[in-house]
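See below for the structure under consideration.
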Amino acid sequence: MQSFPDAAALRAPQSLDDLLLYRLSRAARAGSGMATRLVEGGFGITRREWGMIGTLAQEGELTSSTLAAHLQLDRVRTSRGLRSLVDKKLVERRQDAQDGREVHVRLSPSGQQLFARLFPRIAALNTDLLAGIDPSELDIFLRCLRHLEQRGGELIAQGAVVEKADRRSGGTRHRWPQREG
């Protein structure tokens, strides 16, 4: 059994188990694995497609660019997901009348029906995951999540990490400091 860190361990990590992002990832995987099995096995869509369907159900018609930004996906992944959803007849597309390069997307009636059947099951899973957490602790947790999202955005804007994954070679491109002389 892995040890669970306390606040001091999170602030001065000594092991993998002490890393905040590792703990968040483990917690997210516990719930998201169940959600993925539900959407893929029971409804024939991917987790990414579910995010698109949920966003369109909540926001209504959007441009594909706005949808990508909302889901924090690149345009290529968004385009692939939308193409799959169009093929499954869950999403409808239309070209913008003023700018033919812009595509608007919305849920089709079949997509709306799928959302109406799936959302209650995902919501129940969410409720089950939160069972046993005191409401006051949950409020603190939500404030912490909000802070982490804001701080993460600040660090990204500051360029806190300069390495970028090079998935083609399986490695990472490092930017080494230039030596003078």
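The values are calculated or read from the model by the stated rules, or taken from the named source; none is laboratory data. From a predicted model like this one, the values you see are computed outputs, not experimental measurements. Counting neighbours? That spans all protein chains shown, and the Cβs are built from the backbone with ideal geometry, glycine included. Each accessible area value is taken on the protein alone, full model and side chains, heavy atoms only, with ligands, DNA and RNA left out. Shrake-Rupley method; radii C 1.70, N 1.55, O 1.52, S 1.80 Å.
Residues in segment 127-143: is at least one under 24 Å from residue 35 (Cα atoms), surrounded by 15 or more Cβ atoms within 10 Å (Cβ to Cβ) and of a type outside the set (D, E, K, R)? No - not one qualifying residue is present in segment 127-143. Specify the residue that is nearest to residue 105 (Cα to Cα); the eligible residues are those in segment 25-45 that are in contact (Cβ under 8 Å) with a residue 40 or more places away in the chain and surrounded by 12 or more Cβ atoms within 10 Å (Cβ to Cβ). Checked segment 25-45; the qualifying residue nearest to residue 105 (Cα to Cα) is 45.
Contact map, segment 135-159: residues that are more than 22 Å from residue 69 (Cβ to Cβ) paired with residues that are open to solvent by less than 70 Å² (accessible area, probe 1.4 Å), Cβ distance under 7 Å, separation 6+ or inter-chain. Pairs shown: 138/130. Can you confirm whether segment 6-19 contains a residue that is touching an Asp or Glu at 6+ places or on another chain (Cβ under 8 Å), part of a helix (DSSP H, G or I) and either aliphatic (A, V, I, L, M) or under 17 Å from residue 111 (Cβ atoms) (or both)? Looking for residues that are touching an Asp or Glu at 6+ places or on another chain (Cβ under 8 Å), part of a helix (DSSP H, G or I) and either aliphatic (A, V, I, L, M) or under 17 Å from residue 111 (Cβ atoms) (or both), one finds at least one in segment 6-19, hence yes.
Can you tell which of 103, 86 is farther than 21 Å from residue 32 by Cα, at pLDDT 90 or above and in contact with a Lys or Arg (Cβ under 8 Å, 6 or more places away or on another chain)? The match here is 86.
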